[in-house]
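Right, one structure below, let's go through it.
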Amino acid sequence: MYTHRSRGFTLIELLVVIAIIGVLSAVVLASLNTARQKGNDAAIQSDLSTIQTEAEIFYGGGGGNTIPNSYGVTVSTCADATGMFYLDSVIRKAIAGAESANGTASSMSCFGSGTAYAISSPLSSDAAKHWCVDSTGSVGVRTTGPATGTECPAI
């Protein structure tokens, strides 16, 4: 019958397998990107939670605070060298971590006074949304960060 039957795959069979592998890898890469963004959002939330805890330690006189029972002098940026966000090394490192996770340097909003503070960071998954914490205990996603005040905006 068949004396010279070839061994191996046809070109069509190979092309079908390559196409299937391509589709599967595209689906996996899309899922991986979403998971990476969610991981970055979790890192931002964790860093801001650290800042909230450390701010209370600073308020009690720790972390380089020279004015006990105060959040320090009034500041409107995270990088102001006279404010709590810069003086406390733990807060400074948490700000750097959140900026690394959101992918944009100097993207955070920091406002502080002797009696209150607020800090927010854009989320990695949606830069139009911000994670915000403040001295009143307010924590959560906002459509904007604190514009000029020491409280997170209303939801």
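Once the Cα atoms are used to define both axes, helix 89-102 deviates from the longest principal axis of the chain by about 30 degrees. About its Cα centre, the chain has a charge dipole of approximately 780 debye under the convention of +1 per Lys or Arg Cβ and -1 per Asp or Glu Cβ, with nothing else charged.
Using the Karplus relation 6.51 cos²θ - 1.76 cosθ + 1.60 with θ = phi - 60°, the per-residue 3J(HN,Hα) values for the range 110-125 come to 10, 9, x, 9, x, 10, 7, 7, 8, 9, 9, 9, x, 7, 5, 6 Hz, with x marking Gly and Pro. Relative protection proxy for 30-40, 119-129, from highest mean packing down: 119-129, 30-40 (other beta-carbon atoms within 10 angstrom). Backbone phi angles across the range 45-61, fed through the Karplus curve with coefficients 6.51, -1.76 and 1.60 (θ = phi - 60°), yield HN-Hα couplings of 4, 5, 5, 6, 5, 4, 4, 4, 5, 5, 4, 5, 5, 4, 4, x, x Hz in residue order; Gly and Pro are listed as x.
Tell me, which longest segment in the chain has none of the chymotrypsin sites (Phe, Trp or Tyr not before Pro) that fall in DSSP loops with at most 13 further Cβ atoms within 10 Å? Each step should come with its number before you reach the end.
Values: sites that count: Tyr2, Phe9.
My reading of the result: 10-155 is the longest stretch.
Here are some values of log10 I(q)/I(0) by the Debye sum over Cα atoms at q = 0.16, 0.19 Å⁻¹: (i) -0.82, -1.05; (ii) -0.91, -1.29; (iii) -0.84, -1.23. Which one was computed from this structure? For log10 I(q)/I(0) by the Debye sum over Cα atoms at q = 0.16, 0.19 Å⁻¹, the calculated option is (i).
Summarising the amide proton neighbourhood of Thr74: residues at separation of 5 or more, or on other chains, whose placed amide H is nearer than 5 Å comprise Gly114.
Every number here is computed from the coordinates shown, using simple stated rules; none is lab data. Since the structure is predicted, the reported quantities are computational estimates derived from the model, not experimental observations. Virtual Cβ from ideal backbone geometry, glycine too; neighbours counted across all protein chains shown.
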